[in-house]
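Visitor: Quick one: structure below, then a few questions.
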Amino acid sequence: MGMTMTQKILAAHAGLDKVEAGQLIEADLDLVLGNDITSPVAIKEMEKMKVDGVFDKDKIALVPDHFVPNKDIKSAEHCKCVREFAYRNEITNYFEVGEMGIEHALLPEKGLTVAGDVIIGADSHTCTYGALGAFSTGVGSTDMAAGMATGKAWFKVPSAIKFNIVGKPEKWVSGKDVILHIIGMIGVDGALYKSMEFVGEGIKNLTMDDRFTIANMAIEAGGKNGIFPVDELAVAYMKEHSKKTYTVYEADEDAAYDEEYTIDLSTLKPTIAFPHLPENTKTIDEIKEDIKIDQVVIGSCTNGRLDDLRIAAEVLKDRHVAKGMRCIVIPATQAIYMQAMEEGLLKIFIEAGAIVSTPTCGPCLGGYMGILAAGERCVSTTNRNFVGRMGHVDSEIYLASPAVAAASAVAGKISCPCKL
């Protein structure tokens, strides 16, 4: 029996000719990631290990992005801990305020993640980099500590689900709609500890930003990772952003998959995940009642990239957000912020009555920059809508694409551009 893409990458990094689903291996790491919430825990664990420094100062990335710029004294202390550790160990890829961004948008942009890499991060959405054909997965802070110290990590080799992507999406249907459709179909544990492997001729109709979004939310289906084949678009992205050597792995024709699904992009509609799970999805056509909302957030590691901002601006241009609506736009990195400014997107947002924030994860995890009060509803381009995720336990979060979020801000209720 052959191997999947993920299994081939893991075998190579474990120094093995072959691995099988369920096998325990120790693999070499190409990158270890931490942020301002998870890194302090890992740093304290490293101190307990009494190790002398890190395994490779060039293969660790520390990105303060959740409560940055510092929200309060506690977050300031967390960031100080990370900063001092980075300076003490001469970490090459430490990103201070002014050059930081939301980690899972920043690392590919900086060329730190490429095809064939094995990447762990103490953040569950580390699976984002599978869009480039890497094996990347979220781990706990103690695993991050071990990774920073040794450059190695233990894995149970995952089995896989194949998603055959065909067709071409209609206007206003994006990668967010694709992954919400899939999660709605298989459930939040439908891919539990499995590799979600996306293949098929329809992938050519997905932008890199679409693919980053889809891979990012693999964890919301329980996936160990999400991964795409390396095509011309992925190669062009890596050549533009990175000087690292990449390795292309392809699944064997006789690779084993637990399940196979076909996703016809041409049949998909703008999709919204209702409270309080990402699997609780409805298409815009299935929503018959008016669902009034109080806030819209456009940003996050899922949907704060340039394509996302362009789509939102296309909807908001020459329109205004509804009276009483709070619309918060968060470019994911400084480079995206700058490009959006040069293209006039920020002017469109502000003229429409939205505000534009510095890059931060803030509202996604109920940190700051958009906390919800009891009874409030938010349409958000983030990745989770659990109870209390963005604030009060009696608030509600509706997950959607930038197009749906922007249209909802204008309508004052859940809507899409086709209904404005």
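The values are calculated or read from the model by the stated rules, or taken from the named source; none is laboratory data. As the structure is a prediction and not an experimental result, all values here were calculated from the model. All Cβ positions, even for glycine, are placed from backbone atoms using ideal geometry, and neighbour counts span all protein chains on display. Please note that ligands, DNA and RNA were not included when accessible areas were found on the heavy atoms of the full protein model with its side chains. Shrake-Rupley method; radii C 1.70, N 1.55, O 1.52, S 1.80 Å.
Visitor: With the requirement that a residue be assigned to a helix (DSSP H, G or I), open to solvent by 30 Å² or more (accessible area, probe 1.4 Å) and over 18 Å from Arg305 (Cβ atoms), what does segment 187-218 give you?
Guide: Scanning segment 187-218 gives Glu201, Lys204.
Visitor: Which pairs turn up if I take residues in segment 154-176 that are of a type in the set (Val, Ile, Thr) and look for partners that are in a strand (DSSP E or B) and open to solvent by less than 30 Å² (accessible area, probe 1.4 Å) with beta carbon separation below 6 Å, at least 6 apart in sequence or on another chain?
Guide: As it stands, the answer is Ile161/Met196; Ile165/Phe198; Ile165/Ile263, since those pairs meet every condition given.
Visitor: Now for a different question. So if I check each of Thr281, Thr262, Thr267, which one is closer than 22 Å to Gly190 by Cβ, in contact (Cβ under 8 Å) with a residue 24 or more places away in the chain and in contact with a helix residue (DSSP H, G or I) (Cβ under 7 Å, 6 or more places away or on another chain)?
Guide: Thr281
Visitor: Name the residue that is nearest to Ala335 (Cα to Cα), counting only residues in segment 219-251 that are among the charged types (D, E, K, R) and open to solvent by 50 Å² or more (accessible area, probe 1.4 Å).
Guide: The selected residue is Glu240.
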